[in-house]
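The structure appears below as structure tokens.
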Amino acid sequence: MRAPESDLPLQFDRVQYDAGNRRILDIGSLGISGGAPTAIVGPNGAGKTTLLRISMGLLAPSAGRVTWGGRQNVAPVRRAFLFQRPVMLMRSAAGNIDYALASIKASRGERRQRISDLLTLVGLPGFENRPARRLSGGEQQRLALARSLARDPELLLLDEPTASLDPAAAKSVEDVLRAIAGRGVKIVISTHDLGTARRLAGDVVLLHRGQIVEHSASEIFFKQPLTKEARRFQAGDLLI
Amino acid sequence: MFSSAFWMLVTGDPGLYRIIGLSLYVSLTATLIAAAIGLPLGALLALKEFPGRNVVTIIINAMMGMPPVVVGLMVFLLLSRSGPLGSLGLLFTPRAMIIAQAILIIPIIAALARQTIADIWVQYRDELAAMNIGTAGSIATLLWDGRFSLLTALLAGFGRACAEVGAVIIVGGNIDGFTRMMTTAIALETSKGDLPLAIGLGGVLILIVIAINALAWTIGRTGERLAGAA
Amino acid sequence: MFKFRHSIAMGFIAFALLTGQNALAQEKSIVVASTTSTQDSGLFGHLLPLFKAKTGIDVRVISQGTGQALDTGRRGDADVVFVHARSQEEKFVADGFGVKRFPVMYNDFILIGPKNDPAKVNGSKDIAAALVKIKNAGALFISRGDKSGTHAAELNLWKIAGIDIAKDKGPWYRDIGQGMGAALNTASASNAYVLADRGTWLSFKNRGDLMISVEGDKRLFNQYGVILVSPAKHPHVKKDLAQSFIDWLISPEGQKAIDDFKVGGEQLFFPNAYTPGA
């Protein structure tokens, strides 16, 4: 069997997305390659979720080209997605991860160990037999993260993973993400929490009204932002 | 009024037990077959877009109300020695009754499954797409995760199979000791003017259906609780 | 995890259950299309165990009206027909669907009516006169209307009475298109007259205010015949097993078994396989 080709870099080329006659997204060019996490920030309705869904291949752009490793229409084999409100399959915690492992045809012998490792990684050791739907919101979010990682992605897309969590739970998710990034998984995370972006990201994309206003390295974005919108966004002014 | 049939039940009348056994065997087998066809069919209708899907959905919904006699007649003409499948020699056997009941309840199971699966599919769609699960895999996942709700569809199908008389009396022939079931026995006792026995048998039938529903409901609820569904 | 192979497995289980039943169907058995009168009266319940004990053959009886039973034979869905409408039986044989008709037994038809007797026919022995009175009084009359032997006999009796029932029927004449039991139930519920075979009447339990109004007229004679379905037309017919059933019915042993059958001490069927011209 051929080694799977890489999904990176992820490249947007004059991508537009329309819903009805409203333009939700209009991106001239955006390239995402390996390395430190990329944060997508911006006010509500800026198009962050749409950008991520197109990045995953869940939505097809109305116009323009999206490529993964230079190829179009690549099935989501080497990338994974963590939804803002993940859906737990009606099985145990182990069953949820096992489902993802089975979907990449992991061998039965290897699955049990992987499940245990992943649960430990996301801070749910010993949760194997707990019904997934009976876990708390934070636990479900972390189980969903473990399930995404089970598919062994090189690109992990996360849509506001900490938005509905309390600060302690959000912190533990961030810790896991930092550990994953340290293992070489490329993380793209959307958030409206600048603290999360500052702590995790290597580069930041500011989205406003469906357009990229600024894309710069984290230290530049937070210390000497290039645009007026970035300064105002960080100052807490409403961007309208 | 119920006394004679219940007395037969208590004293273990072999004729009555054979009738009950055959009823359960035929209706449960028919439900099993109809489930094997109706559940995937319902799921397919719920999650696969194809031209004519709405037409198929409407037809299946309409066929939920198909008169058993019509189904019986269709199967009769099919299985009669003078019909296209006559050489199988199935007419007037329990298998003919199973076929008729399965055909009768496939639309019920498919239509109810389609509704249930469509509701789950709304939640699961993106999650499964993100895990690169194909149509067949998605159908299997939805059927499994909807198993407790789908139990209702199976019970509805089983209830209808158990209760109908029009189809099985035509294709089974109501042969004593061979194709006589609860409902056809009730029809026969009614025609013999033995109304107390007919009513008694009806009472026994209702008891059995209630018992099976209670069993399925308990299994469903227990499983649901263990799996942590809402 | 749930997989498609599970549903395939379920399909196989179902198939195994189906074929398991098939093994039973391979036993020695024949299908007899007969009438409701022989079944509902309990005659078969009396005869078949005797026949099975002697030969080991399972006789599966479908009870229908004579017309429908002959049709079942015509389609090849039965091995034997055992009915009571001589002219139809003879046509069945003449058309090549049956091998030969053997007379077996007879009983008689009776006119059943309500005790208050609105047409004033109770106790009469003249069925033709009674029918004329019923028509003139406009008293409720239930007709089987299902092309059964009893229905054919009823139509014939109207003709004998000089009444063209197709033309002369009014709201008093109710054609229900169902079996003997249903017709008796309807008559019982509406206090109507109805033509019945004696066997079904004697074993019928829901009589209400009904009683025998007319009996004993020669024209109420009801002959039963048995016919092997033609193996030439339908090669799958179990010729040997079926013929052995017919042979037994008309043998002295079978005839005696019919003679012995009684409901409430009353004899229902009279064997006459050896009566010339029956």
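The values are calculated or read from the model by the stated rules, or taken from the named source; none is laboratory data. Keep in mind that what you see is a predicted model, and the values were worked out from it rather than measured. All Cβ positions, glycine included, derive from the backbone under ideal geometry; neighbour counts span all protein chains shown. Surface accessibility is based on the protein's heavy atoms, side chains included, excluding ligands, DNA and RNA. Shrake-Rupley method; radii C 1.70, N 1.55, O 1.52, S 1.80 Å.
Among the criteria (1) within 14 Å of chain B (Cβ to nearest Cβ); (2) touching a residue at least 12 places away in the same chain (Cβ under 8 Å), the one A:GLU160 does not fulfil is (1).
Yes/no matrix, rows are residues, columns are (1) under 27 Å from B:LEU128 (Cβ atoms); (2) of a type outside the set (A, V, I, L, M, F, W, C):
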position: A:GLY126; (1), (2): no, yes
position: A:SER136; (1), (2): yes, yes
position: A:GLN140; (1), (2): yes, yes
position: A:LEU143; (1), (2): yes, no
position: A:ALA150; (1), (2): yes, no
position: A:ALA197; (1), (2): no, no
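Scanning the range A:44-77 for residues that are in a loop (DSSP other than H, G, I, E, B), touching a Ser or Thr at 6+ places or on another chain (Cβ under 7 Å) and either within 19 Å of A:GLU154 (Cβ to Cβ) or not assigned by TED's automatic domain parsing to the domain that holds A:ASP13 (or both) returns a single hit, A:GLY69. If I filter the range B:142-161 for residues that are touching a Ser or Thr at 6+ places or on another chain (Cβ under 9 Å), surrounded by fewer than 22 Cβ atoms within 10 Å (Cβ to Cβ), at pLDDT 90 or above and of a type in the set (Phe, Trp, Tyr), do I get at least one hit? The answer is no, given that none of the residues of the range B:142-161 is touching a Ser or Thr at 6+ places or on another chain (Cβ under 9 Å), surrounded by fewer than 22 Cβ atoms within 10 Å (Cβ to Cβ), at pLDDT 90 or above and of a type in the set (Phe, Trp, Tyr).
Beta carbons closer than 6 Å, at least 6 apart along the sequence or on distinct chains, pair a first residue in the range C:29-42 that is farther than 19 Å from C:ASP259 by Cβ and touching a residue at least 12 places away in the same chain (Cβ under 8 Å) with a second that is assigned to a helix (DSSP H, G or I) and open to solvent by 10 Å² or more (accessible area, probe 1.4 Å) for C:ILE30/C:LEU241.
Could you identify the single residue in A:ARG23, A:ARG91, A:ARG108 that is in contact with a Phe, Trp or Tyr (Cβ under 8 Å, 6 or more places away or on another chain), assigned by TED's automatic domain parsing to the domain that holds A:PRO131 and at pLDDT below 95? Lay out the reasoning, then the answer.
Working: A:ARG23 fails: assigned by TED's automatic domain parsing to the domain that holds A:PRO131; A:ARG108 fails: in contact with a Phe, Trp or Tyr (Cβ under 8 Å, 6 or more places away or on another chain).
Testing whether each residue is in contact with a Phe, Trp or Tyr (Cβ under 8 Å, 6 or more places away or on another chain), assigned by TED's automatic domain parsing to the domain that holds A:PRO131 and at pLDDT below 95 leaves just A:ARG91.
When A:GLU214, A:GLU219 are checked against the criterion of being surrounded by 17 or more Cβ atoms within 10 Å (Cβ to Cβ) and among the acidic types (Asp, Glu), a single residue qualifies: A:GLU214. Summed over the range A:116-139, the residues that are within 23 Å of A:GLU160 (Cβ to Cβ) and of a type in the set (Phe, Trp, Tyr) give a count of 0. Every condition in (1) farther than 14 Å from C:GLU215 by Cβ; (2) open to solvent by 10 Å² or more (accessible area, probe 1.4 Å); (3) touching a residue at least 24 places away in the same chain (Cβ under 8 Å); (4) within 26 Å of the chain's Cα centre (by Cα) is met by C:ASP126 except one, and the failing one is (1).
Please specify each residue of the range A:1-29 satisfying the condition of being over 22 Å from A:ASP193 (Cα atoms), open to solvent by less than 30 Å² (accessible area, probe 1.4 Å) and either part of a strand (DSSP E or B) or free of Cβ contacts under 8 Å to residues at least 24 places away in the same chain (or both). Talk me through it step by step, then tell me what you get.
Taking the range A:1-29 as the starting set, the residues that turn out to be over 22 Å from A:ASP193 (Cα atoms) are A:1-23, A:26-29.
From the residues that got through so far, the ones that are open to solvent by less than 30 Å² (accessible area, probe 1.4 Å) too are A:7, A:10, A:12, A:15, A:27.
Matches in the range A:1-29: A:LEU10, A:PHE12, A:VAL15, A:ILE27.
Restricting attention to the range C:58-86, the residues being open to solvent by 10 Å² or more (accessible area, probe 1.4 Å) and either at positive phi or of a type in the set (Val, Ile, Thr) (or both) number 1. Mind listing just one residue for me: the one in the range C:87-118 that is of a type in the set (Gly, Ala, Ser) and outside any helix (DSSP H, G or I) and, of those, surrounded by the fewest Cβ atoms within 10 Å (Cβ to Cβ)? The selected residue is C:GLY96.
All of (1) modelled with pLDDT under 95; (2) more than 14 Å from every other protein chain (Cβ to nearest Cβ); (3) surrounded by 13 or more Cβ atoms within 10 Å (Cβ to Cβ) hold for A:PRO37 with one exception: (1).
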